[in-house]
Amino acid sequence: MALRLPPYDPLPPPPPRTDALVEVALADLQPTQLCVGLAEVTSRREDFRAENRDQRRGYLREKPVPLVRSGNGELWMVDRHHRLRALIELDPAASTFGYVVLQLQQSSRAEVLEALHQRGWLYLFDGRGRGPLAPAVLPSRLEALEDDPYRSLVWKLKREGVIAPAPLIPFHEFRWGAWLRSRRLPPFSSERLEPALPAARALARSVSAAQLAGWKGAGV
(Lines give C-alpha, C1' and ligand atoms only; values in the text may rest on other atoms or scores of the structure.)
Protein backbone atom coordinates (compact mmCIF):
# COMPACT_ATOMS: atom_id res chain seq x y z
CA MET A 1 0.00 0.00 0.00
CA ALA A 2 1.42 3.36 -1.02
CA LEU A 3 0.29 6.36 0.96
CA ARG A 4 -1.68 8.45 -1.48
CA LEU A 5 -0.01 11.78 -0.80
CA PRO A 6 0.88 14.31 -3.50
CA PRO A 7 4.53 14.98 -4.32
CA TYR A 8 6.07 17.07 -1.57
CA ASP A 9 8.50 19.93 -1.20
CA PRO A 10 11.17 19.04 1.39
CA LEU A 11 11.00 21.13 4.56
CA PRO A 12 13.79 23.73 4.82
CA PRO A 13 16.12 23.02 7.76
CA PRO A 14 16.17 25.31 10.80
CA PRO A 15 18.38 28.42 10.69
CA PRO A 16 21.89 27.88 12.07
CA ARG A 17 21.42 30.52 14.79
CA THR A 18 18.76 30.21 17.46
CA ASP A 19 18.46 34.00 17.75
CA ALA A 20 16.78 33.88 14.31
CA LEU A 21 13.85 31.94 15.76
CA VAL A 22 10.48 33.43 16.70
CA GLU A 23 8.66 32.61 19.92
CA VAL A 24 5.00 31.68 19.45
CA ALA A 25 2.16 30.59 21.72
CA LEU A 26 1.07 26.98 21.21
CA ALA A 27 -2.55 28.07 21.23
CA ASP A 28 -1.86 30.18 18.12
CA LEU A 29 -0.57 27.27 16.03
CA GLN A 30 -2.84 25.43 13.62
CA PRO A 31 -2.06 21.77 12.78
CA THR A 32 -1.53 20.36 9.31
CA GLN A 33 -2.49 16.76 10.13
CA LEU A 34 -5.53 14.95 11.47
CA CYS A 35 -3.94 12.59 13.98
CA VAL A 36 -1.00 11.73 16.19
CA GLY A 37 0.29 8.59 17.87
CA LEU A 38 -0.76 8.93 21.48
CA ALA A 39 2.03 6.63 22.69
CA GLU A 40 4.54 9.25 21.60
CA VAL A 41 2.46 12.08 23.04
CA THR A 42 2.33 10.32 26.40
CA SER A 43 6.08 9.72 26.42
CA ARG A 44 6.89 13.31 25.51
CA ARG A 45 4.48 14.64 28.11
CA GLU A 46 6.34 12.75 30.82
CA ASP A 47 9.66 14.09 29.51
CA PHE A 48 8.36 17.65 29.73
CA ARG A 49 6.97 17.01 33.20
CA ALA A 50 10.44 16.02 34.40
CA GLU A 51 12.09 19.23 33.13
CA ASN A 52 12.25 22.66 34.70
CA ARG A 53 11.36 25.79 32.73
CA ASP A 54 14.91 26.53 31.53
CA GLN A 55 15.50 22.94 30.42
CA ARG A 56 12.22 22.95 28.54
CA ARG A 57 12.94 26.20 26.73
CA GLY A 58 16.43 25.03 25.82
CA TYR A 59 15.04 21.86 24.33
CA LEU A 60 12.37 23.72 22.36
CA ARG A 61 15.01 26.06 20.92
CA GLU A 62 16.92 23.03 19.67
CA LYS A 63 13.79 21.59 18.02
CA PRO A 64 12.14 24.61 16.37
CA VAL A 65 8.84 24.31 14.54
CA PRO A 66 8.69 24.92 10.77
CA LEU A 67 5.93 27.47 10.31
CA VAL A 68 3.82 28.79 7.46
CA ARG A 69 2.44 32.29 7.97
CA SER A 70 -0.68 33.43 6.15
CA GLY A 71 -1.29 36.90 4.80
CA ASN A 72 -3.13 37.90 7.98
CA GLY A 73 -0.45 36.51 10.29
CA GLU A 74 -2.00 33.16 11.24
CA LEU A 75 0.53 30.37 11.81
CA TRP A 76 0.41 26.76 10.63
CA MET A 77 2.83 24.18 12.01
CA VAL A 78 4.26 21.76 9.45
CA ASP A 79 5.94 19.47 12.00
CA ARG A 80 6.42 18.86 15.76
CA HIS A 81 2.76 18.01 16.40
CA HIS A 82 3.52 15.27 18.91
CA ARG A 83 5.79 17.17 21.25
CA LEU A 84 3.62 20.28 21.17
CA ARG A 85 0.43 18.31 21.75
CA ALA A 86 2.16 16.86 24.80
CA LEU A 87 3.25 20.29 26.01
CA ILE A 88 -0.10 21.98 25.56
CA GLU A 89 -1.73 19.20 27.60
CA LEU A 90 0.64 20.11 30.45
CA ASP A 91 0.53 23.87 30.01
CA PRO A 92 -2.16 25.41 27.77
CA ALA A 93 -0.39 28.81 28.00
CA ALA A 94 3.01 27.47 26.89
CA SER A 95 5.03 28.90 24.02
CA THR A 96 7.63 27.39 21.71
CA PHE A 97 10.15 28.49 19.08
CA GLY A 98 9.77 28.30 15.33
CA TYR A 99 11.06 29.50 11.99
CA VAL A 100 9.01 30.62 9.00
CA VAL A 101 9.52 28.35 6.00
CA LEU A 102 6.85 30.02 3.85
CA GLN A 103 5.15 33.41 3.89
CA LEU A 104 1.85 33.30 2.00
CA GLN A 105 -0.11 36.19 0.58
CA GLN A 106 -3.39 34.30 1.04
CA SER A 107 -5.38 34.93 4.20
CA SER A 108 -8.49 32.74 4.02
CA ARG A 109 -8.32 29.31 5.62
CA ALA A 110 -9.35 27.58 2.39
CA GLU A 111 -6.65 29.33 0.35
CA VAL A 112 -3.95 28.61 2.91
CA LEU A 113 -4.91 24.94 3.08
CA GLU A 114 -4.83 24.66 -0.70
CA ALA A 115 -1.35 26.23 -0.82
CA LEU A 116 -0.13 23.77 1.79
CA HIS A 117 -1.81 20.86 0.02
CA GLN A 118 -0.07 21.72 -3.26
CA ARG A 119 3.29 21.51 -1.47
CA GLY A 120 2.47 18.16 0.12
CA TRP A 121 2.42 19.73 3.59
CA LEU A 122 -0.97 18.37 4.74
CA TYR A 123 -1.71 14.90 6.09
CA LEU A 124 -5.36 14.21 5.33
CA PHE A 125 -5.84 10.67 6.64
CA ASP A 126 -7.66 9.98 9.89
CA GLY A 127 -6.65 7.74 12.77
CA ARG A 128 -7.98 4.65 10.98
CA GLY A 129 -6.07 5.38 7.78
CA ARG A 130 -9.11 6.61 5.85
CA GLY A 131 -8.54 9.33 3.31
CA PRO A 132 -7.45 11.51 1.78
CA LEU A 133 -10.18 13.66 3.29
CA ALA A 134 -10.99 17.25 2.38
CA PRO A 135 -8.56 19.86 3.80
CA ALA A 136 -11.53 21.60 5.40
CA VAL A 137 -11.88 18.81 7.98
CA LEU A 138 -8.50 19.59 9.57
CA PRO A 139 -8.91 20.69 13.20
CA SER A 140 -7.71 24.15 14.19
CA ARG A 141 -6.37 23.05 17.60
CA LEU A 142 -3.67 20.59 18.60
CA GLU A 143 -5.90 19.13 21.30
CA ALA A 144 -8.40 17.97 18.65
CA LEU A 145 -6.01 15.59 16.86
CA GLU A 146 -7.16 11.97 17.05
CA ASP A 147 -5.10 8.86 17.76
CA ASP A 148 -3.50 6.67 15.09
CA PRO A 149 -2.04 3.53 16.73
CA TYR A 150 0.08 2.79 13.65
CA ARG A 151 1.81 6.13 14.10
CA SER A 152 2.49 5.09 17.71
CA LEU A 153 3.95 1.83 16.46
CA VAL A 154 6.32 3.60 14.08
CA TRP A 155 7.44 5.95 16.87
CA LYS A 156 8.37 2.91 18.95
CA LEU A 157 10.32 1.36 16.05
CA LYS A 158 12.20 4.62 15.51
CA ARG A 159 12.98 4.84 19.22
CA GLU A 160 14.41 1.31 19.09
CA GLY A 161 16.58 2.24 16.10
CA VAL A 162 14.78 -0.05 13.66
CA ILE A 163 13.74 2.90 11.45
CA ALA A 164 16.05 5.86 10.81
CA PRO A 165 14.81 9.47 11.09
CA ALA A 166 14.10 11.47 7.93
CA PRO A 167 13.22 14.89 9.41
CA LEU A 168 12.87 16.83 6.16
CA ILE A 169 10.34 14.42 4.60
CA PRO A 170 6.82 15.55 5.49
CA PHE A 171 4.84 12.89 7.40
CA HIS A 172 7.66 10.38 7.14
CA GLU A 173 6.35 8.28 10.04
CA PHE A 174 2.82 8.25 8.63
CA ARG A 175 4.19 6.81 5.38
CA TRP A 176 5.67 3.95 7.38
CA GLY A 177 2.42 3.63 9.31
CA ALA A 178 0.40 3.31 6.11
CA TRP A 179 2.74 0.60 4.88
CA LEU A 180 2.47 -1.36 8.13
CA ARG A 181 -1.31 -0.92 8.08
CA SER A 182 -1.38 -2.83 4.80
CA ARG A 183 0.33 -5.83 6.46
CA ARG A 184 -1.19 -8.31 8.88
CA LEU A 185 -0.41 -7.52 12.52
CA PRO A 186 -1.90 -8.80 15.79
CA PRO A 187 -4.46 -6.47 17.41
CA PHE A 188 -2.81 -3.62 19.33
CA SER A 189 -3.43 -0.07 20.49
CA SER A 190 -1.40 3.02 21.34
CA GLU A 191 -1.70 2.02 25.00
CA ARG A 192 -0.59 -1.56 24.28
CA LEU A 193 1.90 -1.81 21.43
CA GLU A 194 3.62 -5.00 22.60
CA PRO A 195 1.44 -7.55 20.74
CA ALA A 196 2.38 -6.04 17.36
CA LEU A 197 6.03 -5.19 17.97
CA PRO A 198 7.74 -8.50 17.01
CA ALA A 199 5.94 -8.69 13.67
CA ALA A 200 6.36 -4.95 13.03
CA ARG A 201 10.11 -5.16 13.69
CA ALA A 202 10.47 -8.05 11.26
CA LEU A 203 8.47 -6.25 8.58
CA ALA A 204 10.41 -3.00 8.98
CA ARG A 205 13.69 -4.89 8.56
CA SER A 206 12.51 -6.87 5.53
CA VAL A 207 13.53 -6.11 1.96
CA SER A 208 9.88 -5.36 1.16
CA ALA A 209 10.29 -2.11 3.15
CA ALA A 210 13.44 -1.06 1.27
CA GLN A 211 11.60 1.58 -0.77
CA LEU A 212 10.71 3.55 2.37
CA ALA A 213 12.96 6.36 3.55
CA GLY A 214 14.59 5.38 6.82
CA TRP A 215 14.90 1.66 6.01
CA LYS A 216 18.02 0.34 7.72
CA GLY A 217 18.06 -3.20 6.44
CA ALA A 218 17.85 -6.68 7.85
CA GLY A 219 20.98 -6.36 9.96
CA VAL A 220 19.57 -3.75 12.34
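The values are calculated or read from the model by the stated rules, or taken from the named source; none is laboratory data. Worth saying up front: this structure is predicted, and the values here are computed from it rather than measured. When we count neighbours, we look across all protein chains shown, and the Cβ atoms used for this are built from the backbone with ideal geometry, even at glycine. Only protein heavy atoms, including side chains, enter the accessible area calculation; ligands, DNA and RNA are left aside. Shrake-Rupley method; radii C 1.70, N 1.55, O 1.52, S 1.80 Å.
In percent, how large is the relative contact order of the chain, given Cα pairs closer than 8 Å and 6 or more residues apart? Mind dumping the intermediate values first?
On the way: 378 pairs, mean separation 59.4, N = 220.
The value is 27 percent.
Enter the accessible area per residue of the chain (Å², integer; probe 1.4 Å; all protein chains in place). Could the numbers behind the result be given before it?
On the way: 10380 Å² over 220 residues.
Result: 47 Å² of accessible area for each residue.
Sorted by mean Cβ packing within 10 Å, highest first, what order do the peptides 35-42, 187-194 take? Each step should come with its number before you reach the end.
On the way: 35-42: 23.4, 187-194: 14.0.
My ranking of the peptides, most packed first, is 35-42, 187-194.
How large is ³J(HN,Hα), in whole Hz, for each residue of segment 15-22 in order, when computed from phi with the Karplus curve 6.51 cos²θ - 1.76 cosθ + 1.60 and θ = phi - 60°, using x for Gly and Pro?
So the J values, rounded to whole Hz, are x, x, 10, 5, 6, 8, 7, 10.
Report the GluC sites (Glu not before Pro) located in segment 131-162 that are in a DSSP loop and have at most 15 other Cβ atoms inside 10 Å of their Cβ, or state none.
Working: sites: Glu143, Glu146, Glu160; in loops: Glu160.
Passing both the DSSP loop test and the Cβ count: Glu160.
For Lys158, give me every one of the aspartates and glutamates with a C-alpha distance below 12 angstrom, ignoring sequence neighbours fewer than eight places off in its own chain.
Candidates past the 8-residue exclusion: Glu40, Glu173.
Could you tell me, in Å, what Rg and Dmax come out for the Cα atoms of segment 49-182?
Taking only Cα atoms of segment 49-182, I get Rg and Dmax of 15.6, 43 Å.
Apply the Karplus curve 6.51 cos²θ - 1.76 cosθ + 1.60, θ = phi - 60°, to the phi angles in segment 71-79 and return the couplings in whole Hz, x for Gly and Pro.
These are the phi-based 3J(HN,Hα) values: x, 9, x, 5, 10, 10, 8, 9, 6 Hz.
How compact is segment 109-220 by the rule of thumb for globular proteins, expressed as Cα Rg over 2.2 N^0.38 Å? Before the final figure, lay out the partial values.
Numbers: Rg = 15.0 Å, N = 112, 2.2 N^0.38 = 13.2 Å.
That works out to 1.13 for segment 109-220.
For segment 111-185, which whole-number percentage of the solvent-accessible area (1.4 Å probe, protein heavy atoms only) is attributable to carbon and sulfur atoms?
Working: 1490 of 3100 Å².
Reported share for carbon and sulfur atoms: 48 percent.
Using just the Cα positions, wrap segment 1-124 in a convex hull and report its mean projected area in square nanometres, one decimal place. Don't skip to the end; give the middle numbers.
Values: hull surface 33.3 nm².
One quarter of the hull surface, i.e. the mean projection, equals 8.3 nm².
Need one number: % antiparallel among DSSP beta bridges in the chain, to the nearest 5. Walk me through the numbers before you get to the answer.
On the way: 9 of 19 bridges.
The answer is about 45 percent antiparallel.
For segment 80-135, which trypsin sites (Lys or Arg not before Pro) pass both filters: DSSP loop (anything but H, G, I, E, B) and at most 10 other C-beta atoms within 10 Å? Don't skip to the end; give the middle numbers.
Values: sites: Arg80, Arg83, Arg85, Arg109, Arg119, Arg128, Arg130; in loops: Arg80, Arg119, Arg128, Arg130.
Counting only loop positions with at most 10 other Cβ atoms within 10 Å, the trypsin sites (Lys or Arg not before Pro) in segment 80-135 are Arg130.
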